[in-house]
Amino acid sequence: MNPHIRPERPADTPTIAEVTRLAFTYNGGIRENEMIGEIHASGRFLPDLSLVAEVEGQVVGHVIVAPTELRGDPEHPERPRRVLLLGPLSVLPDFQRRGIGSALIRSVLARLGGRPEPMVVLWGHEDYYPRFGFRRAGEFGLRPDTPAAMVYPLRSDLSSYAGLEMPA
């Protein structure tokens with residue numbers, strides 16, 4: 001399946017909320033929709049990094065990337081370090097396992113060239129995201145070192161970020 005990927009439009013907001021609600025069956029997408037709303041309201045919203053996937057004119061998926069901060073720098077605790085956060089990624093249940101999510105992730109990652117942030121972080125499934133180049137955050141010295149905490153490096157040397165804490 002080859003979806004059409006495009007930036008979200010203001011008119012997509014209710015559809016994105018519904019796609020997210022249906023995609024996260026374990027909780028009805030409540031927290032995920034809150035995250036999307038917080039990003040939109042925060043001033044951190046980057047319109048070119050919030051993408052929808054359409055199949056035959058129907059929005060069937062959504063992904064968002066927005067700035068966030070790593071904390072815990074012992075030398076400069078007052079100065080958080082800006083990175084990008086991917087998520088949530090939502091695909092309607094009837095369209096899951098058809099490449100929609102993969103197309104969204106590849107598209108949004110392809111838009112990151114030239115950004116000043118050194119990495120993309122996410123909390124996600126350890127068997128899904130590595131295929132796109134995400135690696136366990138602990139490999140970069142980030143905390144916590146758990147399988148769900150992952151990093152997509154946008155620079156070759158991230159050693160100066162070791163010891164910092166990923167956002168919850």
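Of all residues in the range 70-99, how many are within 15 Å of the chain's Cα centre (by Cα), of a type outside the set (G, A, S) and at pLDDT 95 or above?
The number of residues fulfilling the criteria is 7.
Select from the range 111-151 the residues that are touching a Lys or Arg at 6+ places or on another chain (Cβ under 8 Å) and outside any loop (DSSP other than H, G, I, E, B) and list them in ascending order.
Listed by number, the residues that qualify are M119, F132, A137, A149, M150, V151.
Checking the structure you have, find out if any residue of the range 21-32 is exposed (fewer than 15 other Cβ atoms within 10 Å of the Cβ) and in contact (Cβ under 8 Å) with a residue 12 or more places away in the chain.
The answer is yes; a qualifying residue exists.
Which residue is surrounded by the most Cβ atoms within 10 Å (Cβ to Cβ), if the candidates are limited to the range 152-167 and must be out of contact with any strand residue (DSSP E or B) (no Cβ under 8 Å at 6 or more places or on another chain) and in a loop (DSSP other than H, G, I, E, B)?
Among residues in the range 152-167 that are out of contact with any strand residue (DSSP E or B) (no Cβ under 8 Å at 6 or more places or on another chain) and in a loop (DSSP other than H, G, I, E, B), the one surrounded by the most Cβ atoms within 10 Å (Cβ to Cβ) is A162.
Does A103 qualify as being in a strand (DSSP E or B) and touching a strand residue (DSSP E or B) at 6+ places or on another chain (Cβ under 8 Å)?
It is false that A103 is in a strand (DSSP E or B) and touching a strand residue (DSSP E or B) at 6+ places or on another chain (Cβ under 8 Å).
Can you pull out the residues in the range 1-20 that are part of a loop (DSSP other than H, G, I, E, B) and surrounded by 12 or more Cβ atoms within 10 Å (Cβ to Cβ)?
P3, E8, R9, listed by residue number.
So which residues in the range 33-49 are part of a helix (DSSP H, G or I) and either surrounded by 13 or more Cβ atoms within 10 Å (Cβ to Cβ) or in contact with a strand residue (DSSP E or B) (Cβ under 6 Å, 6 or more places away or on another chain) (or both)?
If the condition is that a residue be part of a helix (DSSP H, G or I) and either surrounded by 13 or more Cβ atoms within 10 Å (Cβ to Cβ) or in contact with a strand residue (DSSP E or B) (Cβ under 6 Å, 6 or more places away or on another chain) (or both), then N33, M35, I36, I39, H40, P47, D48, L49 are the ones that fit.
Take the range 47-69 and flag every residue that is closer than 21 Å to A17 by Cα and either under 12 Å from the mean Cα position of the chain (by Cα) or touching a residue at least 60 places away in the same chain (Cβ under 8 Å) (or both).
Those that are closer than 21 Å to A17 by Cα and either under 12 Å from the mean Cα position of the chain (by Cα) or touching a residue at least 60 places away in the same chain (Cβ under 8 Å) (or both): D48, L49, S50, L51, H62, V63, I64, V65, A66, P67.
The values are calculated or read from the model by the stated rules, or taken from the named source; none is laboratory data. What you see is a predicted model; the values in this text were computed from it and never measured. When we count neighbours, we look across all protein chains shown, and the Cβ atoms used for this are built from the backbone with ideal geometry, even at glycine.
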